[in-house]
Each structure stands twice: as structure tokens, then as C-alpha cells.
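Step one of this worksheet: look at the structure below.
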Amino acid sequence: MRRNEHGAVACVGALMLLAAVSVSAQDYPAKPVRIITGGVGTLHDIVTRQLAQRLAEQWGQPVVVDNQPAAALTVGTGMVARAKPDGYTLAMSDRSALAVAPHLYKSVPYEAARDLAPITLAATSPTLLVAHPSVPAATLTEFLAYVKAQPQGMQFATAGPGTNNHIAMELLKHATGLQIEPVHYKGGGASAIAIVSGEVKAGFALPSILPHVKSGRVRAYMVSGRHRFSGAPDLPTAAEAGLRGFELEFWIGMLAPRGTPPAVVGRLNHDIGKLLQTPELRTALLAQGAEPAPSTPEEFAAFIQDESEKMKRLIEVTGMRAD
């Protein structure tokens, strides 16, 4: 009889907990939500602001975007990892912070699998190899030959150690044996400006640089994805341009602090995923050189783990350093 009483109490307790979680998700959000992301004007920032505007309209609560681009977004991602796990502080983070930095830097202020709760993968984007038009090369083959002929090698602009275009540069260096050295800037916008101005002659960039390609201020040679990018269908893949085996895609995704109630994570996954699949968001993403890629929390967690293992191997093979 006592055992049955204990069972009844446990059952009631479980139902009360389930009801509390359900209510927390039903009432969420009851106050402003803060999303920490990368620098102003980056893919992260633009996508986050597109989502924030629509989520605020849907929820009836302000959604504030907080730009924290320092140290390849590891600072901002760490802020979310240490935040109260209630769904009111989120991160729109990326491959650099979640899959590269933990293997590249001596330490980062979080461990993704331990400290963060994946919500959804948001978008993916190929990387473009670009150069200032003063570089006398019209094709990838001509560009690689030009770099090889430089006595001192060539400098490539990057958004900082461990960022997407730094990884791409190191992969190109490993694949071709060319003498290439990084020039690190504070963010993708600054590195793109360096190439457009000719301060640094070449580098990798996200498709957001395509307006400069179309205007002739920058020349593009290839995209790093397995397939051509729908926003620039005339631009060949690396394999089509003669560089087989060179594949690399950038990605961003939304996360919460570990311990955030599963029902709240589920609500966020549903609301964000639904918005990412609307024609308006798809068009906005395409304009920034990205494509929507919503997922379940479980799929995003597995994806981060897989990407982390790939980046670890790449860093080991290339001997890539953060300094």
C-alpha cells in the first residue's frame, strides 16, 4: 500500500512538472528576448535581425540583437553558455565558434556539447575565392599560377583567426602547396573591404560580396560548395574550375544555454524553423548569399559534432595556428 502511495505521489509530481514545463512554453516569451550574434552587417547579423523582427511581431515581445563579434564569436557564444537557461538569452553562432575555435585556440569559454542547447541550424553559405581586379588572372588556373609565380607568395585577407575565410585559405594552401599568408582583420566586413580596396589582393568571402563582383570591383573565381550557388549560377565550383576535393560551406545556427526547458527549445525550434521556410526569409537569405537549412535540435547537435570532428582533422593536417 505504501509502495502504491509513493507511486501515486511520483506520478502526480511528474504530471505537475510536465504541466509546469508546458505552461512555461505556452507563456514564453513573457519578456524581451536577447539574441547574441556576430558583427554588424555580417550574415549572422542580417539573418538574426530578419528573424528578430518577425519573432517580435509574432510573440508580442521585443527581440533585441546584441552584436558581439570578438574572437571569432567565441566571446558572444560564451556569454550565452553562462546565461540563465530560461530561453531569454540566445546565440546565433557559427562554425568558427562551435567547430573550429575549440580546436584552434588554447581555450574557449564554453564547451558546446556541455554548455549549449542546439535549437536549429539556420542557414548555409558557400565561400567565394575572390581577388582585386589588379591581379592579372581571369580564371582559377591563371590565379593559382599567378600566386605560384610570386617570389614572396601572396597575402590573403581573413576575418580573423579561425574564421570561415581563414579556414578556406588554409585548405587552399594545403591543397595546392602555394605560399599563402593570412592578414587578419576584425570581421568579414573589414576583410572584404580590404580586398575591394586592393589593400590585400585576394581572399575568401561569403556571397554577400557578389554586388562588388557584379560591379567589377572584385573578381570571383569559384564557389567552395559541392554545387553551384543559386545566387550566382555562372560561377563554377572548385571542382569545375579545376581544383578537385576543395569543398567547404559556412553555416550559422541558433542555440540556448544548456538546461533551457525542452518545451521552450521546442517552441523556439518550431517558430524559427517555420519563419526560415517562408518565401520572405528565403529571398532575404538568398540576397545575402545563403540558403535556409532548418533542422531539429537533435539533428543540429549531431551536425555540430560532425563538423567539429572534420575541423579538428583539418587543423591537424594543415598545421593551422591562431596567431
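The values are calculated or read from the model by the stated rules, or taken from the named source; none is laboratory data. Please read all numbers here as calculations on a predicted model, not as lab measurements. Cβ sites come from the backbone with ideal geometry, for glycine too, and all protein chains shown count toward neighbours.
Give me the pairs, please: first residue somewhere in segment 103-120 and within 22 Å of ASN269 (Cβ to Cβ) and touching a residue at least 24 places away in the same chain (Cβ under 8 Å), second residue anywhere and surrounded by fewer than 17 Cβ atoms within 10 Å (Cβ to Cβ) and of a type in the set (Val, Ile, Thr), beta-carbon distance under 8 Å, and either six or more positions apart or on two chains.
THR120/THR296
Quick one: which residue in ALA99, ALA113, ALA137, ALA123 is buried (at least 20 other Cβ atoms within 10 Å of the Cβ) and either outside any strand (DSSP E or B) or more than 18 Å from the chain's Cα centre (by Cα) (or both)? So that I can check it myself, show each step before the final result.
Working: ALA113 fails: buried (at least 20 other Cβ atoms within 10 Å of the Cβ); ALA137 fails: buried (at least 20 other Cβ atoms within 10 Å of the Cβ); ALA123 fails: either outside any strand (DSSP E or B) or more than 18 Å from the chain's Cα centre (by Cα) (or both).
After applying the criteria, what remains is ALA99.
Could you list, in sequence order, all residues of segment 259-283 that are small (Gly, Ala, Ser) and modelled with pLDDT under 95? Give the derivation first.
Start the filter on segment 259-283 by keeping residues that are small (Gly, Ala, Ser), which leaves 259, 263, 266, 273.
Of everything in segment 259-283, nothing turns out to be small (Gly, Ala, Ser) and modelled with pLDDT under 95.
All but one of (1) surrounded by fewer than 20 Cβ atoms within 10 Å (Cβ to Cβ); (2) of a type outside the set (Phe, Trp, Tyr); (3) in contact (Cβ under 8 Å) with a residue 60 or more places away in the chain; (4) under 30 Å from ILE193 (Cβ atoms) hold for ALA71, so report the exception by its number.
(1)
Considering every residue within segment 44-58, establish whether at least one is within 24 Å of GLY188 (Cα to Cα) and part of a loop (DSSP other than H, G, I, E, B). Full working, then the answer.
Going through segment 44-58, the residues within 24 Å of GLY188 (Cα to Cα) turn out to be 44-53.
Applying the additional criterion that residues be part of a loop (DSSP other than H, G, I, E, B) yields none.
No, because not a single residue in segment 44-58 is within 24 Å of GLY188 (Cα to Cα) and part of a loop (DSSP other than H, G, I, E, B).
Keeping to segment 61-96, report how many residues are part of a loop (DSSP other than H, G, I, E, B) and over 15 Å from the mean Cα position of the chain (by Cα).
9
Restricting attention to segment 300-314, and to residues there that are touching a residue at least 60 places away in the same chain (Cβ under 8 Å) and out of contact with any strand residue (DSSP E or B) (no Cβ under 8 Å at 6 or more places or on another chain), which single residue is farthest from VAL100 (Cα to Cα)? Let's see the steps before the verdict.
To start, the set of residues in segment 300-314 that are touching a residue at least 60 places away in the same chain (Cβ under 8 Å) comprises 300-301, 303-305, 307-308, 310-312, 314.
Narrowing the set further to residues that are out of contact with any strand residue (DSSP E or B) (no Cβ under 8 Å at 6 or more places or on another chain) leaves 305, 308, 310-312, 314.
Working: GLN305: 11, SER308: 7, LYS310: 9, MET311: 6, LYS312: 7, LEU314: 9 Å.
The qualifying residue farthest from VAL100 (Cα to Cα) is GLN305.
Check segment 157-167 and report whether any residue there is in contact with a Phe, Trp or Tyr (Cβ under 8 Å, 6 or more places away or on another chain), touching a residue at least 24 places away in the same chain (Cβ under 8 Å) and farther than 21 Å from THR37 by Cβ.
Looking for residues that are in contact with a Phe, Trp or Tyr (Cβ under 8 Å, 6 or more places away or on another chain), touching a residue at least 24 places away in the same chain (Cβ under 8 Å) and farther than 21 Å from THR37 by Cβ, one finds at least one in segment 157-167, hence yes.
State whether one or more residues within segment 165-180 are at pLDDT below 95, in a helix (DSSP H, G or I) and more than 20 Å from SER96 (Cα to Cα).
yes
What number of residues within segment 181-196 are in contact (Cβ under 8 Å) with a residue 60 or more places away in the chain and either in a helix (DSSP H, G or I) or under 21 Å from ALA138 (Cβ atoms) (or both)? If you could, list the steps in order and put the result at the bottom.
Going residue by residue through segment 181-196, those that are in contact (Cβ under 8 Å) with a residue 60 or more places away in the chain are 186-189, 195-196.
From what's left, either in a helix (DSSP H, G or I) or under 21 Å from ALA138 (Cβ atoms) (or both): 188-189, 195-196.
Residues that pass the stated criteria total 4.
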